[in-house]
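Quick notes on the structure that follows.
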Amino acid sequence: MEKLKMHTPDLAEENYKKLAALFPDAVTETIDDDGNVVRAIDKDVLMQEINTKVVDGNEERYQFTWPDKKKSVLLANAPINKTLRPVREDETVPTGADSEGKPYFSSGSVNFDTTENLYIEGDNLEVLKLLQETYLGKIKMIYIDPPYNTGSDFVYEDDFAQSTDEYLANSGQYDEDGNRLFANTENNGRFHTDWLNMLYPRLRLSKDLLTVDGVILVSIDNNEVVNLRKMLDEVFGSDNCMGIIANINNPKGRSDDKYIATTHEYLLVYAKDVSKVEWYGFEPTEEITKRYNKVDLDGKWYREIDLRKTGENDLREDRPNLFYFFYYSEDTGDFYPDRADYIKNGYIQIKPQREDGKEGNWRWGIDTAKKQITNLAPKFMPSRKVWGVMQKDYLEGRALVKPTSSWTFKDVNSERGTEEFIELGFDKRIFPKPKPLGTIKRCLKLATSGEGIILDFFSGSATTAHAVMQMNAEDGGHRKFIMVQLPEKTGEKSEAYKAGYKNICEIGKERIRRAGKKIKEETGADIDYGFRCFKVDFSNMKDVYYRPADIGQMDLDQFTDNIKEDRTPEDLLIQVMLDLGVLLSSKIEQTEIAGKKVFSVADGYLIACFDKNVTEDVVTAIAKQKPFYAVFRDSSFGSDSVAANFEQIFATYSPQTVRKVL
C-alpha cells in the first residue's frame, strides 16, 4: 500500500523532473553553501542541447520584471499542507480562517449531494494550488475581476519582505496585525510591485487549470492594464492574446476624472492555445436584423445581397471560373445558370457587369449557384439599366456575429449590475458596484457552447455564478461554476454587516441562493441551482504525518493517530479526493459494510473507509467492488492478521485496484 502525500504538488520539483527527462545528461551534483551535496543542472550542457544563446547575469535582454518577482515564482511553485473542508449545513462551530486569520462560521451548501457547482472560501492562491491536480486541464473558461489598484483597493498580503526560506515557510499567512489584506495606497513605495506580486503567481497557477481550448478573460481599468497585458503575455504567450475589449460600462464618463472622463474598462482575452480555441459570437443586433426587410412565401425574413463580386479581383480575367451567365424568362419564371453564351428566345441573358460596364464575376461558382438556385432571384437595376442576380440572405440560421473590440451594449453598464443586485432583494449598499450580468454572459457566449467548467477566483458578489445559471436556463446548457472568494470581513459599521453578512462570502452565497430561486420561478428551467461549499483549512493530518523523523520517542505515544481529532471522515474524504485528482463535484454515496462507514465516490471509482477496527469482511467486500482506488487509514485494521492479509485479498478479487493509506 502506498501512502498518500496529502499536500499540494511541488511544481518546481515537477519542472525539474521534466527538464531531467528531456536532458538527462544536464543533470549533475554540486556542493551548496553549507557544504551539502545537492542536485544541479549543468548550464553548459543545457546550452549545447538546446543550441541557442542563454542570457545570463547582468547581460542586457528584453524582459518584464519588478522587485521580488523571483519570490513570486517560488510562491507559485511551493507546495502547501492545506485542505478543503466541506460545509454541508450552517456551521455551529467556527472553522477555517477569515481575512484576520480567525475561525469563522459559514452558511451551508445548497443541494450538496446532487449539485456539480462549487463555492470555495479561502485565499485564492491556496485554492488554486489545492485544485492543481484535480482540475488540471479541466476549466473551459476563467473570468476574473481582480482588484484594480486604484489607490484604495485591498490586495492580498503575501509577505515578500522576508528571506526566501522564511517566505516559503510563511507564504499565505497574515501580517503582524493578523490581516491578510492590506490597503495598497499610492503612497506605498511598492504600489505596482505589491499588485504584481499578488496577481502573478495566481495567473501562473490558473493557466494549468485551463483546457487546451480554454480561455481566460480579465477585467481591469487603466491603472494596471499595461502591466496586466505584459503579465498575461509572459504567462500565456503574446501569440495567445485574442484581443483587448473596451467595455463601455459608464457611457456618461466618470465625473471625478481630472482631464478625460473615462467611459470604459478593459477586458483582456487570452487563450491557453489560440490554435485550439473554439470561439463563438453574438446574436445579430437590431441594427443588423432591421436590414432583413423582405418576407418569402413561408413567412421567413430575408434581405437581398448582390451576387456580383465587388472589391479586389472583381474582373472577369481575375477569376474566369466565376464568370458565367444566368438565363431568365419573364413569361415562365424559368431561371438557371449556364456557362454557354447564347441567345434564347423569350429569355434574358444576365452576366456580372461592373458599374463601369466591364465584365466582372460572381461570388459563387456555377455548381454552388445551381445548388442554391432557390435562394437566388433575377432583378432589374433601373439606375444601371442592367439585370443582376440577388441572393436571399435569411435571418433564420444566420451566423453569429464576431465581437468587436468595443462593447457598447446596454447590459454591460455598471448601473445595470447594481439594478440586478437590487432586483434580488439586496440593499445596493451591501455590495457596491457588482459586475453586470451582461458582461459575464457575453464572455460565456463567446467562450462556451453550453458545456464546461467556469472558474472565477475573485468572485466577489458571485455575478459569475448568477450568469452561469441564467445562461443555462436560457440555452439549456450544462455549464458548471467554481467560485473562489477570500472570506474578507465586512466592517461592523457597514450595511453588509448590519444586514447579517459578516464576510463577503456570505453575500456571494446568498446571491446564488436568491438568483437560483428567481431564475427557477421565472423560467421553470430544470438546471443545477445548487453549490457545494468548501473552505480552506490546515491539513487534516498532524505534523507527524509529514515529518515523522522530527518526532522523538518520548512524544511517540501522543501520535499513535496521525489525524487531527476535530476532523470528520468526510473531511478526510475530500482531502483524499484532492490528492488523487477526483473531481470535487463527484457523486458521494455513504453506505455501511459490517457496521463500518464506507464512502463510494463517482460510482465506485474511489471507495474509502476511515473507521477503526476494520475486519477482513470489510476489506473483502470493498475489493469485490473492484474500485480504481481503495483508501484506508493506516490504523484502520482491527488486527495484525487483517493488515497482513490486506494485499492478498485485493490480489485475489481486484489486483488492478490502487491501494492507498493515510
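The values are calculated or read from the model by the stated rules, or taken from the named source; none is laboratory data. Not measured: the values here are computed from a predicted model. Glycine gets a Cβ as well: all are built from the backbone with ideal geometry, and neighbour counts include every protein chain shown. Remember, those area values only see protein heavy atoms, side chains included, never the ligands or the DNA or RNA. Shrake-Rupley method; radii C 1.70, N 1.55, O 1.52, S 1.80 Å.
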For the range 127-161, which positions are closer than 22 Å to R229 by Cα, at pLDDT 65 or above and either open to solvent by less than 20 Å² (accessible area, probe 1.4 Å) or of a type outside the set (D, E) (or both)? L128, I139, K140, M141, I142, Y143, I144, P146, P147, Y148, N149, T150
Could you list, in sequence order, the residues of the range 220-248 that are part of a strand (DSSP E or B) and under 18 Å from T262 (Cβ atoms)? I220, I244, I245, A246, N247
For the range 112-126, how many residues are open to solvent by 10 Å² or more (accessible area, probe 1.4 Å) and in a loop (DSSP other than H, G, I, E, B)? 4
Is it the case, given these coordinates, that A496 is within 20 Å of the chain's Cα centre (by Cα) and open to solvent by less than 10 Å² (accessible area, probe 1.4 Å)? no
Quick check: anything in the range 3-14 in contact with an Asp or Glu (Cβ under 6 Å, 6 or more places away or on another chain) and assigned to a strand (DSSP E or B)? no
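Please go through the range 644-662 and give me each residue that is assigned to a helix (DSSP H, G or I) and either in contact with a helix residue (DSSP H, G or I) (Cβ under 8 Å, 6 or more places away or on another chain) or modelled with pLDDT under 85 (or both), ordered by number. Don't jump to the end; show me each part of the working.
We begin by selecting, within the range 644-662, every residue assigned to a helix (DSSP H, G or I); these are 644-653.
The answer is N645, F646, I649, F650, T652, Y653.
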Residue satisfying all of: in the range 566-603; β-branched (V, I, T) and without any contact (Cβ under 8 Å) to a residue 40 or more places away in the chain; nearest to D113 (Cα to Cα) among these: V601
Answer yes or no: is there a residue in the range 17-40 that is surrounded by 15 or more Cβ atoms within 10 Å (Cβ to Cβ), touching a Phe, Trp or Tyr at 6+ places or on another chain (Cβ under 8 Å) and not in a strand (DSSP E or B). no
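Any idea how many residues of the range 362-382 are assigned to a loop (DSSP other than H, G, I, E, B) and either more than 20 Å from E330 (Cα to Cα) or open to solvent by less than 80 Å² (accessible area, probe 1.4 Å) (or both)?
4
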Looking at D194, D256, D233, can you tell me which residue is among the charged types (D, E, K, R), surrounded by fewer than 18 Cβ atoms within 10 Å (Cβ to Cβ) and at pLDDT below 95? D256
Could you list all residues from the range 331-361 that are among the polar types (S, T, N, Q) and exposed (fewer than 13 other Cβ atoms within 10 Å of the Cβ)? T332, N345
In the range 638-662, anything within 20 Å of L572 (Cβ to Cβ) and without any contact (Cβ under 8 Å) to a residue 24 or more places away in the chain is listed as A643
Failed item, numbered, when N613 is tested on (1) surrounded by 15 or more Cβ atoms within 10 Å (Cβ to Cβ); (2) free of Cβ contacts under 8 Å to residues at least 60 places away in the same chain; (3) not charged (D, E, K, R): (1)
Any idea which residue in the range 387-417 is nearest to T263 (Cα to Cα), counting only those that are β-branched (V, I, T) and open to solvent by less than 30 Å² (accessible area, probe 1.4 Å)? V412
Say whether the condition of being in contact (Cβ under 8 Å) with a residue 24 or more places away in the chain, open to solvent by 40 Å² or more (accessible area, probe 1.4 Å), hydroxyl-bearing (S, T, Y) and part of a strand (DSSP E or B) is met by at least one residue in the range 437-450. no
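Would you check if there is a residue in the range 479-487 being part of a helix (DSSP H, G or I) and more than 16 Å from the chain's Cα centre (by Cα)?
At the first step, the residues of the range 479-487 found to be part of a helix (DSSP H, G or I) are none.
No, the range 479-487 contains no residue that is part of a helix (DSSP H, G or I) and more than 16 Å from the chain's Cα centre (by Cα).
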Scan of the range 498-545 for residues that are more than 24 Å from A97 (Cα to Cα), in contact (Cβ under 8 Å) with a residue 60 or more places away in the chain and assigned to a helix (DSSP H, G or I), ordered by number: R514, A515, G516, K518
Candidate set from the range 413-436 (those that are within 16 Å of E510 (Cα to Cα) and of a type in the set (D, E)); member that is nearest to the chain's Cα centre (by Cα): E420
Identify the residue in the range 252-302 that is touching a residue at least 60 places away in the same chain (Cβ under 8 Å) and aromatic (F, W, Y) and, among all such residues, is nearest to Q391 (Cα to Cα). Y302
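Tell me, please, whether a residue that is farther than 20 Å from K370 by Cβ, in a helix (DSSP H, G or I), open to solvent by 60 Å² or more (accessible area, probe 1.4 Å) and not basic (K, R) can be found in the range 318-326. Steps first, please.
If we filter the range 318-326 for residues that are farther than 20 Å from K370 by Cβ, which is where we start, we get 318.
With the extra rule that they be in a helix (DSSP H, G or I), the set shrinks to none.
Taking every residue of the range 318-326 in turn, none turns out to be farther than 20 Å from K370 by Cβ, in a helix (DSSP H, G or I), open to solvent by 60 Å² or more (accessible area, probe 1.4 Å) and not basic (K, R).
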Is it the case, given these coordinates, that K370 is at pLDDT 90 or above and within 30 Å of H478 (Cβ to Cβ)? no
Quick one: P432 ticks every box in (1) in contact (Cβ under 8 Å) with a residue 40 or more places away in the chain; (2) part of a loop (DSSP other than H, G, I, E, B) bar one, so which box is it? (1)
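Given the residues V598, V619, which is the only one that is among the hydrophobic types (A, V, I, L, M, F, W, C), assigned to a strand (DSSP E or B) and either buried (at least 19 other Cβ atoms within 10 Å of the Cβ) or within 39 Å of the chain's Cα centre (by Cα) (or both)? Let's see the steps before the verdict.
Values: V619 fails: assigned to a strand (DSSP E or B).
Just one listed residue meets the conditions, V598.
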Here is a check on your reading of the model: is G243 touching a residue at least 12 places away in the same chain (Cβ under 8 Å), at negative phi and surrounded by fewer than 15 Cβ atoms within 10 Å (Cβ to Cβ)? no
Taking the range 59-111, which residues are among the β-branched types (V, I, T), assigned to a loop (DSSP other than H, G, I, E, B) and within 26 Å of A602 (Cβ to Cβ)? I80
